[in-house]
Each structure stands twice: as C-alpha cells, then as structure tokens.
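Only one structure is covered here, and it is reproduced in the block below.
The values are calculated or read from the model by the stated rules, or taken from the named source; none is laboratory data. Fair warning: this is a prediction, and the values are worked out from it, not measured in the lab. Glycine gets a Cβ as well: all are built from the backbone with ideal geometry, and neighbour counts include every protein chain shown. For the accessible areas, the whole protein counts, side chains as well, though only heavy atoms, and no ligand, DNA or RNA atoms are used. Shrake-Rupley method; radii C 1.70, N 1.55, O 1.52, S 1.80 Å.
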Amino acid sequence: MRDDLFASMRVEYGDSPLARADMPPLPLPLFRAWLAAATAAGVDEPNGMALATVDPDGQPHCRIVLLKVLDERGLTFFSNRDSDKGRQLAANARAAATFWWSRPRNRQVRFTGPVAPVEDAVSDAYFAARPRRAQLCSAASPQSRVVASRDELERRVAALAAAAGEAPLARPPHWGGYLLAPDVVEFWQGRDGRLHDRFRYRRAAAGWDLERLAP
Ligand SMILES: Cc1cc2nc3c(=O)[nH]c(=O)nc-3n(C[C@H](O)[C@H](O)[C@H](O)COP(=O)(O)O)c2cc1C
C-alpha cells in the first residue's frame with residue numbers, strides 16, 4: 001500500500017561541511033559546542049536523547065531520557081533504578097545514546113559505552129533541585145510496572161505528599177543518576193544529497209582515535 005504521508009517528507013540538510021580540521025582532540029567539548037548551538041537555535045529539549053539498553057534475552061529497548069550533567073567523564077541522566085532500564089543496566093551495564101537536532105543544523109551525535117550509577121551526592125543534589133511535584137511523582141511512581149489506573153498513581157502521589165507534609169523530600173533509594181562514560185562518540189553532519197559527513201572518536205590507550213566514516 002502506498003502511503004502519501006511520506007511523499008512530501010524529504011528534507012535537504014544544507015551544506016555545512018564537517019571537516020577533519022573541525023575535529024578537536026577530545027569529543028566531549030565538541031559535543032558541548034553542538035549542544036549549545038542547538039540550544040541557541042531554539043531546538044526543543046535539545047538535551048533529549050534516545051537511550052538504548054539490552055535485556056538478558058538480547059532484546060534492545062530504546063526510550064528518551066534527558067541529559068542532565070555533562071562533564072569530562074561523560075553523560076549523566078536520572079531515572080528509576082527499579083525501572084526496566086534500571087534492571088537492564090544492572091544486568092548489562094552498557095548503553096547507547098543518540099541525539100538528533102533538526103533544522104537549522106541537522107546534526108546527530110551517537111555515544112556508546114559503559115554505564116554506572118553516579119555517586120549518591122550527585123543524585124541527592126539533582127533530586128533536591130527538582131520541583132516538589134516532580135520529586136513526589138518520581139518517588140511515588142513504580143516506573144515501568146503495570147498499574148490498575150491513573151487513580152492509583154494519583155493516590156500514591158497524594159499519600160506520599162501527605163506523609164511528607166512540608167518537610168523536604170529525601171531522595172528515594174530507587175531513584176538516581178547514571179553516568180554513560182563513552183568509549184565511542186560519532187558526530188554526523190547532514191549534507192545536501194545525502195553525502196553526509198561522519199567522524200567517529202574511539203577511546204584509545206592515550207587520548208582518542210578519530211576516523212571518517214562513510215554516510
Ligand atoms: C522528552 C522525554 C524526556 C524524558 N526524560 C526522562 C528522564 O530523564 N528519565 C526517565 O527515567 N524517563 C524519562 N522519560 C520517560 C522515558 O522515555 C520512559 O518512558 C521511562 O523512563 C520508562 O522507561 P523504561 O520502562 O524503559 O525503563 C522521558 C520521556 C520523554 C518523551
């Protein structure tokens with residue numbers, strides 16, 4: 001069956017070349033510059049990334065999470081550690097993360113690498129900085145588990161709010177950050193006519209190796 005929905009979906013990606021001379025020795029400062037450019041260009045939630053994990057049957061699972069800390073170690077996101085992704089990471093502590101920022105820059109950045117829970121102090125600080133409603137909901141929601149109804153979720157949040165009163169809410173032990181420390185980072189710059197530019201950094205004994213990949 002022909003689907004007209006896709007007939008008009010053909011975007012040219014402009015002609016901003018990405019050359020080897022543009023690639024610094026380390027990938028994360030370049031990623032920070034690209035993220036800043038996407039932010040400045042008004043891309044919605046430019047820190048949203050598709051995060052892929054693999055379950056014990058070898059089945060990959062992919063969902064969006066938000067990048068919340070970027071430092072020289074890598075990418076930190078926050079989640080429920082009893083969630084499906086949390087259980088998958090406990091069994092297989094590796095992940096892939098992909099960013100896509102469309103116009104005007106048309107760029108993708110991909111990461112793969114090991115993932116580990118961050119230090120409690122980092123999770124505590126981020127949890128404490130969240131709006132109270134977000135604290136209550138993330139603490140009360142049994143993420144990824146089947147629930148009977150929306151009401152059940154609302155009741156869980158209300159019960160927690162009542163129990164906490166005005167007191168600051170402590171970070172629940174099942175919620176916290178994960179650090180993806182990339183060993184591969186790929187930068188993709190969309191180009192007209194689909195002859196895109198790709199460069200891949202791979203962590204080496206000293207520093208990073210850099211190669212151009214075919215699009
Ligand atoms: C824009 C967006 C941002 C999201 N950010 C997060 C996040 O930072 N952490 C999180 O646990 N889930 C986040 N989610 C929800 C996840 O996509 C997912 O539904 C949830 O983490 C459960 O995934 P799991 O069952 O595979 O563990 C976000 C969803 C969207 C659409």
Problem set entry | Cleavage-rule hits (trypsin sites (Lys or Arg not before Pro)) in segment 1-31: DSSP loop, at most 11 neighbouring Cβ within 10 angstrom | R2, R10
Seminar exercise, completed: In whole percent, the fraction of accessible protein surface over the chain that belongs to carbon or sulfur atoms, probe radius 1.4 Å, stands at 55 percent
For this session: Among the trypsin sites (Lys or Arg not before Pro) in segment 35-110, which ones are in a DSSP loop with at most 15 other Cβ atoms within 10 Å of the Cβ? Mind listing them?
Result: R73
Exercise. Taking amide hydrogens as modeled 1.01 Å from N in the peptide plane, which residues meet the under 5 Å criterion relative to W175, leaving out close sequence neighbours?
Worked result: R81
Exercise. How many percent of Cα pairs in segment 116-215 exceed 24 Å?
Worked result: 52 percent
Exercise. Counting only residues 5 or more places away or on other chains, whose amide H sits under 5 Å from the amide H of G113 once H atoms are built in the peptide plane?
Worked result: A95, D183
Exercise. Looking at S83, N47, F99, which one has the Cα that reaches farthest to the positive end of the dipole of the chain (charges on Cβ: Lys, Arg +1; Asp, Glu -1)?
Worked result: F99
Problem set entry | Size of charge dipole - the chain - debye, nearest 20, with Cβ of Lys, Arg +1 and Asp, Glu -1, no other charges | 100 debye
Exercise. So, by mean Cβ neighbours within 10 angstrom, what's the order for 168-174, 114-120, 142-148 with the highest one leading?
Worked result: 114-120, 168-174, 142-148
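Please list the equivalent ellipsoid semi-axes of segment 1-63, computed as the square roots of five times the alpha-carbon gyration tensor eigenvalues, in descending order and whole angstrom.
28, 24, 14
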Exercise. Using just the C-alpha positions of segment 170-215 as equal point scatterers, what log10 of I(q)/I(0) does the Debye formula give at each q in 0.17, 0.26, 0.28 1/Å?
Worked result: -0.63, -0.93, -0.99
Exercise. Can you give the Rg to Rh ratio for segment 74-170, taking only C-alpha atoms and Rh from Kirkwood?
Worked result: 1.05
Exercise. How many Å³ per residue does the convex hull of the Cα positions in the chain occupy?
Worked result: 184 Å³
Seminar exercise, completed: Amide H neighbours of V69 at under 5 Å, excluding residues fewer than 5 places away on the same chain, with H built from the backbone geometry, are T76
Problem set entry | √(5λ) per eigenvalue of the Cα gyration tensor, segment 27-89, largest first, Å | 26, 13, 11
